[in-house]
Structure formats: structure tokens, C-alpha cells
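Reading through the C-alpha cells given below for one structure.
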Amino acid sequence: MTHPFLDLAPLSAEHFASVEDRVARLLGTSHSVVIMQGEALLPLEGAIRGTAGPGTTALNIVTGPYGQTFGDWLRDCGATVHDLSVPFHTAATAEQVRRALAEHPETDFVSLVHAEAATGNTNPVAEIGAVVREHGALLYLDAVASVGAEPVLVDEWGVDLCVIGAQKALGGPAGVSAVSVSERAWARMAANPGAPRRSYLSLLDWKERWTDAGRRVLPHAPAQLEMLALEACVERVESDGLAAVTARHAAAAAATRAGVLALGGGLEPYVHDAREAAPVATTVRTPAGVDASALVAAALAVDPSVPLAAGGGALAKEMVRVNHYGPRATPETVRASLEALGAALTAAGAAGPVDVPGAVAAAAAAWA
Ligand SMILES: *Cc1c(COP(=O)(O)O)cnc(C)c1O
């Protein structure tokens, strides 16, 4: 019996390499791209452990929960870490980064998350990248949530290590990810005695056994399904056009924000400044006395198809996430999300009137 997922022909080294090249084009980079056969945390951790050691001084920019994790890994590697933390309802600015680098001139590594799906903000990487480059530090970027939702321009922005995953705006599976590595970053890893070797976390192993060896023989059995899915993700973006795909995400964010503002009932966009709101997902603050998890449960009872989730950890009480990414970056999804939220808010006894038709109209106007 044949099955679409089973008994696949082996994926050739040539095919694997062609997917790497396609990802490189998506990221606008001439750096080597290493595809990693695991969830994005694999290259995120591998890139930090490969690069950082006791001699490293890192500026870790914390704009959400992933930044906290990166700081933990950096400290675990023995690096001296200075955290630049900003409130989760804002983005970091290039000026803040400039001041932090002036305060800690020995900084040689900067870690940054591009868009935070968990908090709904997005950071100005072009501007921050210019400051980091001027200082001479390596720039490490988590673009897992931004890739496919907004431009990610690795070479133009001077990103040395850029990690992506397929599972957010690309609409793919979580089991495959990639990292682009600049020559400077490879040199830093080669000189790092603590960089993982003969390890699943090792980027240097891939460089030695795959990239530098001419990409002719794969060091491990390739994850065929995930590789085919990643290829299909990039192909879909190419055929729709990256500009059209990112415009669709920007419109979804603008429409959701406008809809929430018009909905009333005490809901507010979580990220104060619209320019700092991520195209990948819109976060919403619930009014005092309305538990976000309960509100999401009630909204999903009204319409189980809407991409609503409560915030993680301590944010579960006060934050609703509208995950309008990938195939859900559509006017229909935004409209349905606002309707479900409005119904749940009314049922919860909202403070103040809830205007669902007004929200739907505002969202439609903002989309256009
Ligand atoms: C989703 C995401 C990841 C991947 O981690 P998961 O825990 O699997 O969701 C990494 N970084 C960012 C910024 C993300 O949004």
C-alpha cells in the first residue's frame, strides 16, 4: 500500500544542498546556510554554544522570553553577559544598543530576537545591526518568527548568525530549521575550544563534513519529509512573491490592531507603538478582571477555527495572541478572530460597550 508520507525515495545530497541554496536566497545572503534537522532551538543553541566561551562578552537584548533563554545559554558557556532588557510592550532601539555598547566596549557578541511571536513586538534590526557592525561585535539573530512575515536581510543588515524555522509564517513543520553563518562567525567558532564537536549541536561538524567537503555526501540520513516540506515552504513564498507575502502579514497586523481598538470592551493592543508591532502576530491586553486564558477559551468555544492563544507563563492572565501568520494572514481570519473575541468579551461582562460591527469595519478599512 503506498502512502504519501511513507516509503519515500532517499533525498540526495544534491537535493539537500539545493534547499540550503534556496533558503540562502530567501534570506538575501551569500553566507553558508546550514540546515539543521530539528526544531529551531537546535541551531539557536548550537550557534551560541559554538561561538561563545569564557572569553566572550555578550550584550543580550531581551524583548521577550527567548532573549532570557539566550542569556542562560551564554552564561552557561562562561560568557560575561550584559542584558539589555526592555518592557515587553516595546521594541529595543538602536540608541539603547549604542549606549549599552559604549558602557561595555569589550562586547564582542550581540544576541537579538527579530520578531517576538510571544510578545508581539519586532525589533529594528537594520538600525541595530548598523550600530553592532560599527562596534565590530558579531550579531546573532533569532528570525524564527519573522521569516516569511517581514523582510529578513542577512547581508544587508550585517547579521553573522541568523536562525530560522519553518513553523511560523512559512507555514511549515517544526522539525526543520536553518542558520546562516558568516565567515567571521565561522572563524570565531574555529577558535573556540569549547565549541561542540562530534555533537548534534555542532555547526563546525557540518562545516567540516558537509560544507567544506563540497556538499557531496551527507553526514547523516536526511529528514526527507521535513526537507521536502521546507523546500515547499520556500517555493510557495517564491511563487506568491516575498513582497506580497510580507504585505499580507503587515495588513493582517494593521487590521487586527485597528479592529481591537474599535472593538472596545477594555481590550488594547499590547504593543503600544504600532511601528513596534510584529507583522507575524498581534498581542492584545485584556482589561483588569478579564482573565486572558478564560477569554481565549470562550472565544474558541464560539469559533474553534480562529488562531487565538493566551500569552505564555505570567502573561497568560493578561495577554491574548492573534497568530495571524502563514496561511492565516487573511482578512477572513482577522474578521473571525475579532468576532469571536467580541462574543467572548460580551459574555464575560466587558467593561464598556463591545462593538463587533465597528471592529470588523475598522479592520477591513485598515486592511485596504
Ligand atoms: C516560535 C519561536 C521559536 C521556536 O521555539 P518554539 O518554542 O518551538 O516555539 C524561537 N524563537 C522565536 C522568536 C519564536 O517565536
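Across the alpha-carbon set of the chain, the Rg to Rh ratio works out to 1.00, Rh being the Kirkwood radius. What is the list of residues in the stretch 218-249 whose amide nitrogen lies under 14 Å from a point 7 angstrom out from the Cα of H15, following Cα to Cβ? Residues passing the 14 Å test: 218, 221-232. Once the Cβ-Cβ distance of R236 and E103 is raised to the sixth power relative to R0 = 51 Å, the FRET efficiency obtained is 0.70.
Give the value in nm², to one decimal: projected area of the alpha carbon convex hull of the stretch 307-350, averaged over all directions. List each step's numbers first, then the result.
Numbers: hull surface 13.2 nm².
With the hull built on Cα positions only, its mean projection is 3.3 nm².
Computed over all pairs of different Cα atoms, the Kirkwood value for the hydrodynamic radius of the stretch 230-289 is 13.0 Å.
Can you give me the relative contact order of the stretch 310-368 as a percent, contacts being Cα pairs under 8 Å and 6 or more apart?
Working: 29 pairs, mean separation 14.8, N = 59.
With pairs under 8 Å counted, the relative contact order is 25 percent.
Suppose the chain between A174 and S305 were pulled fully straight at 0.36 nm per residue; how much longer would it get relative to their current alpha carbon spacing?
Values: separation 131, 0.36 × 131 = 47.16 nm, distance 2.03 nm.
Gain on extension, A174 to S305, equals 45.1 nm.
Please sort by residue number the trypsin sites (Lys or Arg not before Pro) in the stretch 174-273 whose DSSP state is loop and whose Cβ has at most 14 other Cβ atoms within 10 Å. Hits after loop and neighbour filter: R197, R198, R216.
Packing here is the average count of other Cβ atoms within 10 Å per residue, and on that basis the peptides 352-363, 5-16, highest first, run 352-363, 5-16.
The Rg/Rh ratio of the stretch 211-356, with Rg taken over Cα atoms and Rh as the Kirkwood radius over Cα pairs, comes to 1.13.
For a Förster distance of 35 Å, can you work out the FRET efficiency between the beta-carbons of A213 and L8, rounded to the nearest 0.05? Don't skip to the end; give the middle numbers.
Values: r = 25 Å, r/R0 = 0.70.
After rounding, the FRET efficiency stands at 0.90.
Please list 275-283, 157-165, 83-91, 57-65 highest first by mean number of surrounding beta-carbon atoms within 10 Å per residue.
On the way: 275-283: 24.8, 157-165: 27.6, 83-91: 17.9, 57-65: 23.0.
With the highest mean Cβ count within 10 Å placed first, the list reads 157-165, 275-283, 57-65, 83-91.
With unit charges on the beta carbon (Lys/Arg positive, Asp/Glu negative), name the residue among A340, P304, N323 whose Cα is farthest towards the positive pole of the charge dipole of the stretch 300-362. The Cα lying farthest towards the positive end belongs to N323. With one equal scatterer per alpha carbon and no solvent term, the Debye-computed log10 I(q)/I(0) for the stretch 7-165 at 0.08, 0.15 1/Å reads -0.23, -0.76.
Against the empirical 2.2 N^0.38 Å scaling, what ratio does the C-alpha Rg of the stretch 93-136 come to?
Numbers: Rg = 11.0 Å, N = 44, 2.2 N^0.38 = 9.3 Å.
Relative to the 2.2 N^0.38 Å estimate, the stretch 93-136 comes out at 1.19.
Considering all different alpha carbon pairs of the stretch 47-106, the Kirkwood hydrodynamic radius works out to 11.9 Å. Approximating the spin labels as points 7 Å out from Cα along Cα→Cβ, the R75-to-A316 distance works out to 2.4 nm.
Sequence-distant contacts, meaning Cα pairs under 8 Å at least 6 residues apart, place the relative contact order of the chain at 18 percent. In angstrom, the C-alpha Rg and Dmax of the stretch 146-297 are 20.3, 61.
Shape descriptor for the stretch 1-95: Rg over Rh equals 1.12 (Cα atoms; Rh from the Kirkwood inverse mean 1/r).
Let's see if you can work this out: charge +1 on each Lys and Arg Cβ, -1 on each Asp and Glu Cβ, no other charges. What is the dipole magnitude of the chain about its Cα centre, in debye to the nearest 20? Using Cβ point charges on Lys, Arg, Asp and Glu, the chain gives about 160 debye.
Orientation-averaged projection of the stretch 94-196 equals 7.3 nm² [convex hull of Cα atoms, one quarter of hull surface area].
Where a number appears in this text, it was derived from the coordinates with a stated rule and is not lab data. What you are looking at is a predicted structure, and each value in this text was computed from that prediction instead of being measured. Cβ atoms come from the backbone with ideal geometry, glycine included; neighbour counts cover every protein chain shown.
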